Structures are given as structure tokens and as C-alpha cells.
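Novice: Sending over a structure as C-alpha cells; questions will come in a sec.
Taken together, the values in this text are just the output of simple stated rules run on the coordinates, not laboratory data. Please read all numbers here as calculations on a predicted model, not as lab measurements. Neighbour counts are summed over all protein chains in view; Cβ atoms, including those assigned to glycine, are modelled from backbone coordinates with ideal geometry.
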Amino acid sequence: MTKLNPKVRVAVIQAASVIMDREASTDKAVSLTLEAGEKGANIVVFPEAFIPAYPRGLSFGATVGSRSPEGRKDWFRYWDNSIVVPSDTTDKLGEAACRAGVYLVVGVIERDNEYSGGTLYCTVLFFGPDGALLGKHRKLKPTGSERLIWGEGDGSTLSVFDTPYGKIGALICWENYMPLARAAMYAKGVQIYIAPTADARDLWQSTIRHIAAEGRCFVLSCNQYVNKSMYPIDLAGYHELASSPEEMCRGGSAIVGPLGDYITEPVFGKEDILIADLDLRDIAFSQFDFDASGHYSRPDIFQLHVNEQKKENVKWGTDIPAPV
């Protein structure tokens, strides 16, 4: 059991990727992590798909029944700038966490492996202040057109990590609308619930406040601030952005306490680092009258079964069950 320090300073980084550029996005993440560390942060959080991009506005040339060669070019560029875990990129992020002395949580686009793996995953990586890669969470269900470019994670990465600043875990964007996924996180005892997102709607603010009040946890919601002028003009599908507004994603990152009240109100219209000092004892204070996985849970009526086994489509050798 990790010894708990109830006081923790968190930093939520509202910033844009260097779109479709793994190395430059990583360098930006390193720089911002060090800046947050200088501000005294213990935990630093980046948005969904920060490395190399959330490809808002792009279709990758896909309509029902067809895909275009130009769209494949853009998808290959996205794939080529995604990251393998572990890799030189994760080493750089770990080194930044170590130099800053922080727990670092970063949204990335992950690919299966260096050469043969074509599938991409929307993933969150967790690093310790010693630079070690603690683990990852792969998005369980991509939303809408995201399903074309990202695969589905499984229960093996539905992770919560013990830290001296409480138990931290993440669900990504609209995974947070999956009631059973939230229930699993609450049952794992998550105290600092991280919600990297690409959702800048007003309704998202209701979502994160509800989760904080339902889970009696702190919620760190982190989104990008992105302008159209940040997109590389040599994308094959760049013309698809013609009708898009200059402000492609307005942000809306925020920090919410365990009674559902804002600690740091949402920030719109700019890149920023949101800093807040949290006291984990506020969680127990809030659980006096409600605890979703404790005295309010009614396990005599409701039970949730979570499959945390890694799913593989091929079994080799001794992994094959003997015939009965």
C-alpha cells in the first residue's frame, strides 16, 4: 500500500498537438511538462490524442462502400507519426516526468508494433516520477468516425494506479458515457479521475461534474485548444477543412471536486496550464452521504462482472486447452 500524501498539486495542460508530427508534439509535451513541474505540480495531464493529433475535420477519404487513395495517404501519415509502446518516444516522456518529478499522464495514438501492426489505438500513458512507464489505458470504444481509424481496447488496460497522491486512472472522452465503465473505475477506488477528451461542448461540463459527484472523486478534464491554421497544408484532405471555422476546438479543460463543484472553471479560447491544489480528505468528506461502490452500492441487487483478460485471436502451443 502506497503511503498517502493527502495534499497534491495538479496541472491540466490545455494545448494543441503539433498536428501529424510525433517528434514535435513530443518535444512540446516535454517542454510543457517541465513548465508544470516548475509550477510545483505533482500530477500533469495532457489531452486525448496529444501525440500526434486528434484529426478533427478529416474523413481520410472514407464514405460507406469506398476509401480513396488520398485518404490512405493521410491515414498512413497518421500511422507513421503514431507511437509504439515502449519506444524512444516513451523514453523521452519518461525522462521528462523524471526531470520534472511528476506523475505524467499523456494521450497518444498507439500502434501495435514497429512494422507489422496496422491497428491504431487511442491510448493514455502513465509515467511515474522516476521516469518508469507505469502502464496504459486503451479507449474501449471509439466514437462515430473514430471507429474507422482506431481499434478497440480491452479490459486488460482498465487500469488504476496507486500513487502517493491517491489512486489515479483515466477514461477517454465518450467512454465516460459508459455507465459500467465508470462503475468499474469507482470500484477500483479511483480518487483522481482523469478524463482526456476532444469534447468542447457545454454538455461535457455537465458530464464531468456528474462524474465527480457520482464517483465522489476529483475529475481532471483535459482538452486541446486548436485552430485551423495549425493544420499542415500539405495534407491530402486539407480541402475538407475549407468550411471549418478557424477555431476548431475551443478547449474547456476544467478541474472538479468530489461534490461536483468546479475547483478550476473551464478555460476556453486559449492554450493554458490549469493549476489546482487538491486535498484528498475532501473525498471522505463527500462520502458521508453517498459512496457509489460502498454504502450506496446494494450488491445484493446489482453486480458488475469485468473481464480484465487480454484478448488474443490466436492461441499458441501450450496455451491451447487440452481436449476433454
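Novice: Take residue 87 and residue 210, extend 7 Å from each Cα along the Cα→Cβ direction, and tell me the distance between the two endpoints in nm.
Specialist: 3.6
Novice: By how many nm would the segment from residue 304 to residue 180 lengthen if fully extended, with 0.36 nm per residue of separation less the alpha-carbon distance?
Specialist: Net length gain for the segment: 43.9 nm.
Novice: A follow-up question, please. Based on other C-beta atoms within 10 Å, arrange 79, 204 from fewest to most. Mind showing how you got there, number by number?
Specialist: Details: 79 17, 204 21.
The fewest-first ordering by Cβ neighbours comes to 79, 204.
Novice: Among (i) 1.16; (ii) 1.21; (iii) 1.00, only one was calculated for this model; which label is it, if the read-out is Cα Rg over 2.2 N^0.38 Å?
Specialist: Label (iii) holds the value from this structure.
Novice: Run the numbers on region 7-319 and let me know its relative contact order in percent, using alpha-carbon pairs under 8 Å that are six or more apart.
Specialist: Contact order relative to length: 20 percent.
Novice: In terms of the Cα gyration tensor, with a ≥ b ≥ c the square roots of its eigenvalues, is region 64-161 rounded because a/c is under 1.5, prolate because a/b exceeds b/c, or oblate?
Specialist: The shape class here is prolate.
Novice: Let me ask another. Sorted from fewest to most neighbouring beta carbons within 10 Å, what does the list 39, 188, 139, 28 look like?
Specialist: 39, 188, 28, 139
Novice: Taking a point 7 angstrom from the Cα of residue 188 along the C-beta vector, which residues in region 135-153 have backbone N less than 15 Å away?
Specialist: 135-141, 153
Novice: Related question: Give the range of the longest stretch in the chain that excludes all GluC sites (Glu not before Pro) found in loop regions by DSSP and having at most 13 other beta-carbon atoms within 10 Å.
Specialist: 115-245
Novice: Then there's this: Give me 125, 203, 235 sorted ascending by neighbouring Cβ count inside 10 Å, so fewest comes first.
Specialist: Listed from fewest to most nearby Cβ atoms, that is 203, 235, 125.
Novice: In the structure shown, do any of 28/73; 39/139; 73/311 have a Cα-Cα gap over 28 Å, and if so which?
Specialist: Too far apart for the 28 Å limit: 39/139; 73/311.
Novice: Let me ask another. What full-extension length gain, to one decimal in nm, is calculated for residue 24 and residue 284 as 0.36 nm per residue of separation minus the Cα-Cα distance?
Specialist: 89.4 nm
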